[in-house]
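The values are calculated or read from the model by the stated rules, or taken from the named source; none is laboratory data. A quick note: this is a predicted structure, and the numbers were derived from the prediction, not measured. For neighbour counting, all protein chains shown are included, and Cβ atoms are generated from backbone atoms with ideal geometry for every residue, glycine included.
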Amino acid sequence: MLDIKYIRENPELIKENCKKRHVQVDIDTLLQTDEERREIQQNLNQLQQERNQGSKLKGKPSPEHIEKMKKIGAEIKQLEESYNQKEELLHELLLQVPNLTHPETPIGHEHEFKTLYTNQEPELKDFQTKDHEELLLKHDLLDFERGAKVVGSKFFYTKGKLVELNRALTNYGIDICQKHGFQLIETPDLAHKKILEGAGFNPRGEETQIYNIENQDLSLVGTAEITVLGYHADEVIDLEDGPIKYVALSHCFRTEAGSYGRTSKGLYRVHQFTKLEMFVFCKPNQSDQIHQDLLAIEQEIVDGLELPYRVIDIASSDLGGPAYRKFDIEAYMTMLGDPDEKDKIHQQGNYGEITSTSNCLDYQARRMNIKFHNKETNQKEFVHTLNGTAVVLSRFPIALVENHQLPDGSIKIPKALHPYLNFKEIK
RNA sequence: GGAGAGAUGGCAGAGUGGUCGAAUGCACUGGUCUUGAAAACCAGCAGGCCAGCAAUGGUCUCCAGGGUUCGAAUCCCUGUCUCUCCGCCA
């Protein structure tokens, strides 16, 4: 969330920003609530002062005094109640206000992103390419039917060499991240709702993507971003030796309510997957550079897998609440090709997201109360947080098998993974 | 699952009804001393909110939420977590 003081002082800028991001928040109501809250607080504080002074008297208080104090007490209680109401409403509104937007972020709808880089033209195969689902089913490495039987649709079993490939991808990602100074951490797959909200996810409401545990204050996490952020909740962390960098392994759960169409095929959009996620806590003046660093590491990982991809600067309306700026890497995938073109030998795929890195400034840190001690000002200040996908075991395998398939349906393993596997192809 | 003990500032740790937002030590910040550093000494040092240009003042917070009381870190209830013992178990 943003600092209420900042909103108070820059209401027009905030309204403008909400418009850019296509987010509907009633800033006027928010400001009015803030004002009402402050007014109540002033009255309340005055009464509290009377009470405190009244109770400082030594010796036995007189009956009149006791009577008066009780009256003040009752008034305070009433004011406290209305104060709490206002504050709750204010907090709710505040949670809806999205983060500020980076000056270079393209302003516009989802499709109005800016392509920053394309590594290579996707290789034109001289045969009819198959999508990953077809390939993996053929090799008996994936079982959606039994996944549906046991859990429900869009759940699956991973088998044999695909499990090994996934392990190899994970270890490959871990090694690169550790080389860059990231600490390996494996997180819980559940968290309190408060933590989810702090990360900017909404466990309640109709459009929620979150699985909730019945009768418990727990949700299944959609990403390790949530649990790593929560790891340092309500802490003052030491950033004197540089940023704190984690590479976190967790399962991810998403309800994916209302997602259909081409992108619901195979592994692209599933309810449960495993992900290796980078997460950084840093000082405010470091976050822009670190965001570039995270992107560079993601590119290093994808480069090693010899995948055609592009890097895009996500458009303002597609940033979500917490992100100030977001870069995605989109890999070329057969499955995203236009079905009408399917007969053509050179049937083309399309680009689909495989990683995403966001700079959230102090938006998440403010909600989670994570600070560092700034030596220059001798003050405790909110840290900046960033996250980025290292490896995700739903979409990485898609891009891998679709791009490295051979005419006979076998799959070539890129060199970078050879040290992690005892086979060089799947056939 | 049962029984007991506990949760206090960045950390350690006192405090069991008013003079306590809280001793003391460590850490941290500034200074004196020193060629420099260390040590020693002096001073400062929790956070949120509100009013104020500021100095400053007020208020809230001693795990969380309720309660008792003129007055709660301190007493009572509920919850969460931690530790010790017993039971059970991958």
Do you know which of the residues in region A:25-40 that are more than 30 Å from A:I314 (Cβ to Cβ) and surrounded by fewer than 16 Cβ atoms within 10 Å (Cβ to Cβ) is nearest to RNA strand B (Cβ to nearest atom)?
-> A:R38
On the given criteria, is A:P397 more than 12 Å from RNA strand B (Cβ to nearest atom), surrounded by fewer than 21 Cβ atoms within 10 Å (Cβ to Cβ) and over 20 Å from A:D241 (Cα atoms)?
-> no
When you go through (1) touching a strand residue (DSSP E or B) at 6+ places or on another chain (Cβ under 6 Å); (2) of a type outside the set (V, I, T); (3) under 28 Å from A:R167 (Cα atoms) one by one for A:N212, which number turns out not to apply?
-> (3)
Of these, A:G73, A:G54, which one is of a type in the set (G, A, S), in contact with a helix residue (DSSP H, G or I) (Cβ under 6 Å, 6 or more places away or on another chain) and either more than 7 Å from RNA strand B (Cβ to nearest atom) or more than 30 Å from A:I7 (Cα to Cα) (or both)?
-> A:G54
Say we look at region A:76-104 and pick out the residues that are surrounded by 14 or more Cβ atoms within 10 Å (Cβ to Cβ) and more than 30 Å from A:R21 (Cα to Cα); which of these is farthest from RNA strand B (Cβ to nearest atom)?
-> A:S82
In region A:323-351, how many residues are at pLDDT below 95 and either surrounded by fewer than 24 Cβ atoms within 10 Å (Cβ to Cβ) or within 16 Å of A:L100 (Cα to Cα) (or both)?
-> 17
Six or more apart or on different chains, Cβ under 7 Å: which pairs go from a residue in region A:376-394 that's of a type in the set (D, E) to one that's within 16 Å of RNA strand B (Cβ to nearest atom)? Could you list them?
-> A:E381/A:K371; A:E381/A:F372; A:E381/A:N374
Which one is farthest from RNA strand B (Cβ to nearest atom) among residues in region A:5-24 that are farther than 16 Å from A:L319 by Cα and hydrophobic (A, V, I, L, M, F, W, C)?
-> A:L13
On the given criteria, is A:L165 surrounded by 22 or more Cβ atoms within 10 Å (Cβ to Cβ), over 17 Å from the mean Cα position of the chain (by Cα) and within 27 Å of A:H139 (Cα to Cα)?
-> yes
Within region A:41-51, the count of residues that are of a type in the set (A, V, I, L, M) and more than 8 Å from RNA strand B (Cβ to nearest atom) comes to 1
Checked pairs for region A:399-427, first farther than 22 Å from A:Y351 by Cα, second surrounded by 16 or more Cβ atoms within 10 Å (Cβ to Cβ) and of a type in the set (D, E), C-beta under 7 Å and 6 or more apart or across chains, list as A:L421/A:E164
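Each row is one residue, and each column tells you yes or no for (1) in a helix (DSSP H, G or I); (2) at pLDDT below 95; (3) within 29 Å of the chain's Cα centre (by Cα); (4) buried (at least 18 other Cβ atoms within 10 Å of the Cβ).
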site: A:I107; (1), (2), (3), (4): no, no, yes, no
site: A:H111; (1), (2), (3), (4): yes, yes, yes, no
site: A:L116; (1), (2), (3), (4): no, no, yes, no
site: A:E123; (1), (2), (3), (4): no, yes, no, no
site: A:F127; (1), (2), (3), (4): no, yes, no, no
site: A:E133; (1), (2), (3), (4): yes, yes, yes, yes
site: A:N171; (1), (2), (3), (4): yes, no, yes, no
site: A:I174; (1), (2), (3), (4): yes, no, yes, no
Consider A:K371 carefully, then state whether it is within 16 Å of RNA strand B (Cβ to nearest atom) and not acidic (D, E).
-> yes
If you scan region A:296-311, which residues turn out to be surrounded by fewer than 21 Cβ atoms within 10 Å (Cβ to Cβ) and either in contact with a Ser or Thr (Cβ under 6 Å, 6 or more places away or on another chain) or polar (S, T, N, Q) (or both)?
-> A:Q299, A:R310
In region A:176-190, what residues are crowded, with 18+ Cβ neighbours inside 10 Å, closer than 18 Å to A:D293 by Cβ and touching a Leu at 6+ places or on another chain (Cβ under 8 Å)?
-> A:C177
The residue that is modelled with the lowest pLDDT, considering only those in region A:57-70 that are among the basic types (K, R) and either closer than 30 Å to A:F201 by Cα or more than 6 Å from RNA strand B (Cβ to nearest atom) (or both), is A:K58
Do we have A:F155 as closer than 23 Å to A:A257 by Cβ, touching a residue at least 24 places away in the same chain (Cβ under 8 Å), surrounded by fewer than 18 Cβ atoms within 10 Å (Cβ to Cβ) and of a type outside the set (S, T, Y) here?
-> yes
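Looking only at residues in region A:198-234 that are acidic (D, E) and more than 11 Å from the chain's Cα centre (by Cα), which one is farthest from A:V270 (Cα to Cα)? Spell out the reasoning first.
Pass one, region A:198-234, residues acidic (D, E): A:206-207, A:214, A:217, A:225, A:234.
Applying the additional criterion that residues be more than 11 Å from the chain's Cα centre (by Cα) yields A:206-207, A:214, A:217, A:234.
Numbers: A:E206: 19, A:E207: 17, A:E214: 22, A:D217: 24, A:D234: 33 Å.
If we take residues in region A:198-234 being acidic (D, E) and more than 11 Å from the chain's Cα centre (by Cα), then A:D234 is farthest from A:V270 (Cα to Cα).
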